[in-house]
1. Pick from Glu190, Glu156, Glu136: which is within 30 Å of Arg307 (Cα to Cα) and either surrounded by 20 or more Cβ atoms within 10 Å (Cβ to Cβ) or not β-branched (Val, Ile, Thr) (or both)?
2. Taking segment 153-185 as the region of interest, how many residues are among the small types (Gly, Ala, Ser) and part of a helix (DSSP H, G or I)?
3. Please work out which one of (1) within 25 Å of Leu120 (Cβ to Cβ); (2) open to solvent by less than 10 Å² (accessible area, probe 1.4 Å) is the condition Val197 fails and give its number.
4. Any idea which of Leu215, Leu280 is at pLDDT below 90 and over 22 Å from Gly165 (Cβ atoms)?
5. For segment 200-229, enumerate the residues that are assigned to a loop (DSSP other than H, G, I, E, B) and surrounded by fewer than 16 Cβ atoms within 10 Å (Cβ to Cβ).
6. Looking at segment 132-152, I want the residues that are under 11 Å from Arg173 (Cα atoms) and have a partner that is open to solvent by 60 Å² or more (accessible area, probe 1.4 Å) and modelled with pLDDT of 90 or more with Cβ atoms under 6 Å, at least 6 apart or on another chain. Which pairs are those?
Amino acid sequence: MEQGAARERATERPSPPLGDAARDPEEAVRVPEQARAESARGEHTHGEPDAPGVAPSHGVAPASGAAPGSGAAPGSGAAPASGAAPAPVPARASTHAPVPARAPVPAARVVRHSVRGQILDALRTALVGGELVPGEVYSAPALGERFGVSATPVREAMQRLAVEGAVEVVPNRGFRVTERTPRELAELAEIRALIEVPVMLRLARTVPAARWAELRPLAEATSTAAARGDRAHYAEADRAFHRAVLSLAGNEQLLAVADDLHRRSQWPLISAPVVRHGVLVADAAEHTALLDALIAHDLAVVESLVREHFTGSNA
């Protein structure tokens with residue numbers, strides 16, 4: 001018996017720590033065999049929730065026969081007795097640092113974009129009114145002093161106008177107001193007619209008269225601005241009227257393209273930067289006449305008015 005005990009002590013080896021069983025070939029064989037033996041006895045442990053604060057066993061089969069809390073520390077070098085229950089293992093602490101809460105967006109960003117929008121509107125008004133002369137170069141710092149803001153929102157607004165074709169970027173100097181020729185405005189008018197005439201003819205067949213009557217205040221706004229000779233406000237009212245008419249088609253892409261063409265056609269010519277008062281009044285009157293023709297479903301008059309409206313004043 002003493003010789004048998006000596007042989008058992010000679011073959012005993014310390015239990016590998018958790019997670020090292022896969023690196024010990026003998027342990028890798030012993031664990032599945034013990035698991036199959038326990039499965040035959042009906043001792044299933046899979047699917048059972050772990051106790052609070054106890055880490056999962058990672059697939060290592062516990063030794064049977066030892067009561068929990070017996071004082072035997074895991075990995076102490078002593079082999080667990082057969083049938084012993086697993087000793088509680090402290091939960092592993094997380095090594096991930098807590099994610100800081102995202103800081104709110106500074107209010108300065110919103111203010112800056114609001115300023116840029118206001119500067120963009122002011123620059124468009126100055127362009128339409130002829131205050132910014134075609135062919136002249138304007139620097140962002142100089143315009144910033146004029147509007148009482150820094151050069152940054154002015155530069156951002158000018159870059160937007162460059163995309164629209166109203167100005168050109170001059171490296172190390174600023175922005176040059178685009179010089180438009182009569183041919184360019186005629187081409188823009190032709191494109192607008194190709195897009196808007198078919199749409200308005202289709203709307204004239206389908207939109208009820210009451211819906212057209214709702215647009216009269218917009219037509220009257222163009223007449224009011226024209227009577228004052230206010231070119232800038234007339235340009236805004238004119239675009240608002242055309243957007244309202246085309247919006248009845250329910251095509252957002254059409255609105256975007258038509259509005260861009262309309263805006264580009266409003267930049268003044270270098271040879272005639274100021275539109276005469278009589279031209280504005282006549283152009284505004286065409287809006288009211290167009291509504292009357294749309295209400296009456298008079299397709300011939302609708303087509304004639306739209307084409308004349310585009311080619312007459314280029315507004």
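1. On the way: Glu156 fails: within 30 Å of Arg307 (Cα to Cα); Glu136 fails: within 30 Å of Arg307 (Cα to Cα).
Of Glu190, Glu156, Glu136, the one residue that is within 30 Å of Arg307 (Cα to Cα) and either surrounded by 20 or more Cβ atoms within 10 Å (Cβ to Cβ) or not β-branched (Val, Ile, Thr) (or both) is Glu190.
2. 2
3. (1)
4. Values: Leu215 fails: at pLDDT below 90.
The unique qualifying residue is Leu280.
5. Step one: of segment 200-229, the residues assigned to a loop (DSSP other than H, G, I, E, B) are 207-208, 214-215, 229.
Within segment 200-229, Pro208, Glu214, Gly229 qualify.
6. Val137/Arg173; Val137/Arg176; Ala140/Arg155
The values are calculated or read from the model by the stated rules, or taken from the named source; none is laboratory data. Source: prediction; values computed, not measured. Cβ atoms come from the backbone with ideal geometry, glycine included; neighbour counts cover every protein chain shown. Please note that ligands, DNA and RNA were not included when accessible areas were found on the heavy atoms of the full protein model with its side chains. Shrake-Rupley method; radii C 1.70, N 1.55, O 1.52, S 1.80 Å.
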